[in-house]
Structures are given as structure tokens and as C-alpha cells.
Amino acid sequence: MDQDVAAKEQPRYIKLNARDNVAIVVNDFGLPAGSRFACGLTLRAFVPQGHKTALVDIARDQPIIRYGEVIGYALSPILAGEWVDEVRIRMPEAPALDKLEISTAVPAPLPPLEGFTFEGYRNSDGSVGTKNILGISSSVQCVKGTMEYAVKRIRAELLPKYPNVDDVVPLTHAYGCGVAINAPDAVVPIRTLQNIAQNPNFGGEILVISLGCEKLAPERLVPEGISDAIVRMQDEAFDGFGAIVDAIMTQAEARLKILNTRTRETCPAADLVIGLQCGGSDAFSGVTANPAVGFAADLLVRAGATVMFSEVTEVRDAIQLLTRRAINEDVGRALVREMAWYDSYLARGGADRSANTTPGNKKGGLANIVEKSLGSIVKSGSSAITGVLSPGQKATQKGMLFAATPASDFICGTLQLASGMTLQVFTTGRGTPYGLAAAPVIKVATRTELARRWKDLIDFDAGGIATGEKTIEETGWDLFRLILDVASGRTKPWSDRWGIHNDLTLFNPAPVT
Ligand code: CA
């Protein structure tokens, strides 16, 4: 090896907690056997970047500790300097839901943070959008092709006349018919569609495209007091497809005229509704990106904003750390209720929480869902948890909320939009081009190597925390400022610059027919 490179690439690991008996290798592309750390530890085998090495000998059945918590037990004796990959670790049981401490360690309120603002679109109901979009809803999958055809024409023929409107977005989905509409769990997809139409980024302008014979009556997607908001394809007044498209265009233009009068105004950061999630996590997620997001989340909470973290299967194994932070008994019980609901949902499908970790997670050094969860909940920062939302429920309070969603990037994004999210912060270690049409998404890389390689997909690099170039606090402040810039339309995230967006994906835990 070139000596200069070797000198620059001094073997480094990160140990997060004094109790930890494993640490993760920091160096790009990993370290070969024989690499010697400053503390004297020598690797006995190649360890890939982000993967764990044992700091001390660990006997069979002894706990493997990271974040100061048990992430599993040694299946066979592990020697100091060996690679601790997932096949050497037995996963512990998930914490029992009936033995959790509730509200026993409620953090004191953080000091208020004043004077931070963004330029947003204020709506008549008091909510504030970060974008000015015409969102067109649909009550059934049957109309998807028609909507997309109409939206293509609206973009080409109408949108240029209304320059203050950012986009027209068809809110298409696979629900509405062929489903058990009265099943108890049907409340989830129906509530999601109702609430997503009212996302602050759509300015309260509702338009629903319906077929006419579907189970989900389109009236259910229109809030009370709004009339003339539905175009029914089967309406006998329409003479052919052309007439139907004309009707959609006419209704769309009426709404574009109103939306075009919206202008950005200075709003306090308290008016933000920020969603947090991760996708394609690696072992650095819990070391760099998620702690930086957690710091920024604390700043947002201090500024009075609403912040949501989600992904039930990625908090389930660390739930004992969250129920203690619940601001009161009700919030703590609601956390437990959402965990229990998801446990039974998974059991019904013959799966358990181990279904969460992906091959990419494991390749990135995450042994199991326990290790992934401990790194994931760091996003929630250090404030009290002030509320819990069931999937697709609208957020009505400030502070750090747990919005229960699956961990699937697309379903989580869709449910957070229904909860009123106007901007999402998305952390990734493996890399994903994820984006949403309805709200800007800031993608945060856990590693500088990824941020450099994907310089035109990743919006923010948190990797400097691992290399020691930047602190969590500095990185968190930088991210907080970027959130204000993106919310103001001053900075466009890469997914919006390229126009690459994922489909809305409804969560339907109810049967289909
Ligand atoms: Ca996710």
C-alpha cells in the first residue's frame, strides 16, 4: 500500500457508549486483517466499513453491546479484533409491552428558540405550505390512466398560465373498489385519502376524480362545506372521453386561478410540519445522520414546530427507551397501543419484526432489527414525546410526535403526508433516489463517500461526524438552516430538480375482495 495513503488512512473505529464491547470501522472500504488501531487493538480479519469488530473477547452467550444496549448474544466465542457479523449474533426478544416504564424519564422542556422563520404559503385554516401545488384526488384506481392523461395536458396547456403554481400532482392509488370497505382496518386507507387531500401544500383546493360505481364514495374525500369538487366519469352528461377530460381541465383551471394568487409570506418556524424517516440504513445511520437529524429535530421542537418520527418496526425494539419519554400516561399508552397493533398485524401475516432488516442493511453492517432500531430512534432527538398518531391521522399538536407507520419508504411518506407533513428529512446510508411530488424531501447521507458519489442525488452530508471533521451540533444546525431554506423554496432538493418522485402508496391492512 502507498505509504502516504496508509498514513492518511489511519485505522479508526467508533465506539458510542462506554459500555460497548463492539465498535464500527470508519475507514472507507473497510480494513484488512492486521490493521492496528491507535488503542493497540489489531484486526484478526477483514472488517468492511460500518461493520463491527469486537473490542474485547466475548464468550459464548454473552451480550453484544452497542449504544450501551444489548443488540444480541454471541452464538460462539468471539475474539477481540474479529469481525462481528450478523451470523455470529443471536437476536434478543423484543421488549414485553406489558412491562414498560411510562413517563418515568420525561425530559424537561427545552429552552425556546426564537427568531427563526421561513417563507411559506399560509392557508385559511392556519396551516402553512412549503409548496403551491394543485393536488387532484381520486376515489378509485379505475380513473388512474384518465387522471394521468388529464394531468399531462394540464401541465402542458394550463400550468404555464399560472406561474405561481409549482405543479399539478395526481394523487393516484390502488384503493377504492374491490376492497372490504366496511372492515375495521379500512379506516386507515380511507382516512389517509381524506387527509392527504387536505395537505397544506395543496392550499385547500380539493378536486376528486371518480368513476361512479366504486365502493369509496367520492363525497367522503371532500370536506364539509365544499361543493362542486367531484368529476364522475360515468356521469351521463359526458359524451365521450374528450368531454370528461374537458370537465377535469375546466375544474382544474378554476383551482389553478385561485392557487396562483397565493404568495409566500414570512412565517415562524413553528408553522413547519416536518416528517423524519430513513431508508437504506447502514451502521453509520445511528452515528452520523440520525444524531444530526435528532439535533435538528430538537431545534425545530424548541422553535415550536411539529416534528414526526415513524416506522413502527424500527422503534419496536427500542420502545422501552421511548415510553419513558412520553409526556404523560395517555401518550405512553398510545405508544404501546400502536406497537401492540403492529405486533398483531405482523402475526396475522405470519411474519415478525425480523422481516424488517434488508440484505442492504446487513451489508451495511446492521446485524438485526435491534441494532437498527437503536440507531433509528436517535432521529427523535431528546425532547419529550408529546403525541401519537395512528396511521394517516392528522397532526394537531406541536412538538415531537410518533406517527405510527410501516417502515416502507413509500408507505411512510404517504402516511406522513396525510398527517400534514410539508417537508420530509430522509436519512440514507446505502443510498436511494427517493422523492415525493407533494412535499420536498431532503436526503441526508450517513457517509461522505456516498454524498460524493451521489453528489446530484444527496442533499446533505452528515459523514463529517464520523471522520471527526464536524460535530453533531454543527451538522444539526446546518441541517436546520437547510430545512428553513428548502421550506422557503430558496433551495431545491435534488429529487425536485430532477423531477424524480415515488408513487403514493396506501397502507391497507384490511382485506381486499
Ligand atoms: Ca423507511
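The values are calculated or read from the model by the stated rules, or taken from the named source; none is laboratory data. Source: prediction; values computed, not measured. A quick note on method: Cβ atoms are made from the backbone with ideal geometry, for glycine too, and the neighbour counts reach across all protein chains shown. SASA here: full protein model, heavy atoms, side chains in, ligands and nucleic acids out. Shrake-Rupley method; radii C 1.70, N 1.55, O 1.52, S 1.80 Å.
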Probe 1.4 Å, all chains present, heavy atoms only: M249 accessible area in Å², nearest 10, is 20
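Can you show me the helix-derived [θ] at 222 nm for the chain, built from DSSP H runs with n ≥ 4 at -39,500 (n - 2.57) apiece and divided by the number of residues, rounded to the nearest 500. If you can, show how the numbers build up before the last one.
Numbers: 14 runs with 138 residues, N = 513.
Taking each H run of at least 4 residues, the total per residue is -8000 deg cm²/dmol.
With N set to the residue count of region 377-513, report its C-alpha Rg divided by 2.2 N^0.38 Å to two decimal places.
Dividing the Cα radius of gyration by 2.2 N^0.38 Å gives 1.10.
Expressed in whole Å with the largest first, what are the equivalent ellipsoid semi-axes of region 310-442 derived from the C-alpha gyration tensor as the square root of 5 times each eigenvalue? Working shown, then result.
On the way: eigenvalues 91, 75, 44 Å².
So the equivalent ellipsoid measures 21, 19, 15 Å along its semi-axes.
Under a 1.4 angstrom probe, counting protein chains only, how are T432, T130 ranked by accessible area, largest first? Intermediate results must be reported in sequence, preceding the final value.
Numbers: T432 25, T130 0 Å².
Result of the area sort, largest leading: T432, T130.
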By the Kirkwood definition, with r running over pairs of different Cα atoms, region 437-513 has a hydrodynamic radius in Å of 14.3
Residues whose built amide H sits under 5 Å from the amide H of S382, excluding neighbours closer than 5 in sequence, are D298
Residues meeting the amide H criterion for L207 (H placed from the backbone, H to H distance under 5 Å, 5 or more places apart or on another chain) are S137
Percent relative contact order for the chain, counting Cα pairs under 8 Å at least six residues apart, stands at 18
Here region 1-93 gives, from Cα atoms, an Rg and Dmax in Å of 13.3, 47
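Lys and Arg at +1, Asp and Glu at -1: add these up for the other residues within a Cβ distance under 12 Å of A254 and post the number. Kindly include the intermediate steps, with their values, before the conclusion.
Values: positive: R255, K257; negative: E205, D228, E253.
Taking every Cβ under 12 Å from that of A254, the sum is -1.
Please arrange K394, K131 by accessible surface area, largest first, computed with a 1.4 Å probe and ligands excluded. Please list the in-between numbers first.
On the way: K394 85, K131 35 Å².
I get K394, K131, largest accessible area first.
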Cβ-Cβ cut-off under 13 Å around M233, Lys and Arg +1, Asp and Glu -1: the net charge is -3
Semi-axes of region 208-299 from the Cα gyration tensor (sqrt of 5 times each eigenvalue, largest first, whole Å) come to 42, 20, 13
Diffing region 155-166: the Karplus 3J(HN,Hα) column from phi (6.51, -1.76, 1.60, θ = phi - 60°), in whole Hz with x for Gly and Pro, holds 4, 7, 9, 9, 3, x, 7, 10, x, 7, 8, 6
Given pairs K257/K379; K131/K363; K161/K492 and cut-off 28 Å on Cα-Cα distance, the over-length ones are K257/K379; K131/K363
Taking placed amide H atoms and a strict 5 Å upper bound, the residues 5 or more places from V179 or on another chain that come that close are T513
Log entry: pair-distance distribution for region 55-178, C-alpha pairs binned every 10 Å from zero, whole % per bin is 9, 18, 13, 13, 23, 19, 4, 0
Once the in-chain neighbours fewer than 8 apart are removed, the aspartates and glutamates whose Cα is under 17 Å from K398 read E114, D125, D271, D298, D330
With every protein chain in place, the accessible area of E9 for a 1.4 Å probe, in Å² rounded to the nearest 10, comes to 90
At 10 °C and 1.306 mPa s, the Stokes-Einstein diffusion coefficient in µm²/s for region 275-498, with hydrodynamic radius from the Kirkwood sum on alpha carbon pairs, is 93
Over region 418-466, the quotient of the Cα radius of gyration and 2.2 N^0.38 Å is 1.18
Tilt, helix 241-259 to longest principal axis of the chain (alpha-carbon atoms), in degrees rounded to tens, equals 70
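Within a Cβ distance under 13 Å of A183, other residues only, what is the Lys/Arg minus Asp/Glu net charge? Provide the component values of the computation, followed by the final result.
Details: positive: K215, R348; negative: D185.
In short, +1.
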One point scatterer per Cα, no solvent, Debye formula: log10 I(q)/I(0) for the chain at q = 0.06, 0.08, 0.09 Å⁻¹ comes out as -0.30, -0.53, -0.66
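Counting alpha carbon pairs within less than 8 Å and at least 6 residues apart, what relative contact order, in whole percent, applies to region 275-498? Before the final figure, lay out each step's value.
Working: 450 pairs, mean separation 70.1, N = 224.
Here the relative contact order equals 31 percent.
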The alpha-carbon pair-distance distribution computed for region 118-259, with 5 angstrom bins and whole-percent values, is 2, 10, 20, 22, 20, 14, 8, 3, 1, 0
Scattering profile of region 253-351 from the Debye formula, Cα beads only, expressed as log10 I(q)/I(0) at q = 0.16, 0.18, 0.24, 0.25 Å⁻¹, is -0.90, -1.02, -1.37, -1.40
